[in-house]
Amino acid sequence: MKPLSVSTKTYSYKDFKPLFNGPVKVALTKSSERNIIRSNKLLNSKLKEGETIYGVNTGFGNLSHIRIEKKDLTKLQINLARSHASGVGKPLDLEIVRTVFYLKLLTFAKGYSGVRINVVKKIIQFLNKDILPVIPRKGSVGASGDLNPLGHMTLSLIGEGEVFYNGERMSTSTALHKARVKPLVLYPKEGLSLINGTQVSTAIAIKAL
């Protein structure tokens, strides 16, 4: 099977069909990789300059005026993912979850999110090994996109929550041990970039189409 490319081209809903037919292989284009690395370098340069950046070294929402100390920037991102992963109900279908992952990759490929290339490669690793987060169908938080379900997606990437692996539902830590995959360590802004967006809504819309 030819790998699905992650690029900045314009996609049709028909391009997502392989994700609904079963496990896939995904590969990142060189231009997308350059975009991601450039974006992350820009973020790091702004942080080194001491610039205040919302959700990176500040709190969120009404707490945006609170400056976060440098030693707590990673903890801020982990706590953000954990606090938003509060969904309930049956899990989303696996083809939806594959599509969510792929849509998130396409978003990062544009080079505006500030995440490290490690984040993108970790999502690709999950997809290629068909390690799929358990994302409950019900629940959302706020009006900034699919925060709740993407919170569950993010939990799996950092080794928490549950996933489906080899047709079985299990703890993420167990699945990663079996697949010999290391969990992602979040850096500044990465939790925010992972939970923000409308990838879940878009995946459901693609399935409807």
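The values are calculated or read from the model by the stated rules, or taken from the named source; none is laboratory data. Predicted, not measured: the structure shown is a model, and the values here were computed from it. Backbone-built Cβ (ideal geometry, glycine too); neighbour counts: all protein chains shown. Remember, those area values only see protein heavy atoms, side chains included, never the ligands or the DNA or RNA. Shrake-Rupley method; radii C 1.70, N 1.55, O 1.52, S 1.80 Å.
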Practice problem: Looking only at segment 17-32, decide whether some residue is in a strand (DSSP E or B) and within 19 Å of ILE135 (Cα to Cα). | Solution: no
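Give me the strands (runs of 3 or more DSSP E) completely within segment 96-178, filtered to those with at least 1 residues that are of a type in the set (Ser, Thr, Tyr) and touching a residue at least 12 places away in the same chain (Cβ under 8 Å), ordered by residue number. So that I can check it myself, show each step before the final result.
Working: elements: 136-138, 162-165, 168-171.
Fully inside segment 96-178 and qualifying: 162-165.
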Exercise. Keeping to segment 53-87, report how many residues are exposed (fewer than 13 other Cβ atoms within 10 Å of the Cβ) and of a type in the set (Val, Ile, Thr).
Key: 1
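So that you can scan it fast, the table gives a plain yes or no per residue for (1) open to solvent by less than 10 Å² (accessible area, probe 1.4 Å); (2) closer than 17 Å to LEU28 by Cβ:
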site: LEU94; (1), (2): no, no
site: VAL115; (1), (2): yes, yes
site: ASN118; (1), (2): no, yes
site: PHE126; (1), (2): yes, yes
site: ILE131; (1), (2): yes, no
site: LEU150; (1), (2): yes, no
Quiz item: Which pairs do you get when a residue that is closer than 13 Å to PRO188 by Cα, found in segment 75-95, comes within reach of a residue that is of a type in the set (A, V, I, L, M) and surrounded by fewer than 22 Cβ atoms within 10 Å (Cβ to Cβ), reach meaning Cβ atoms under 6 angstrom, with the pair 6+ apart or on two chains?
Solution: LEU76/ILE68
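From the list LYS90, LYS14, LYS41, LYS30, which residue is over 21 Å from the mean Cα position of the chain (by Cα), open to solvent by 50 Å² or more (accessible area, probe 1.4 Å) and at pLDDT 95 or above?
When all the criteria are applied, what remains is LYS14.
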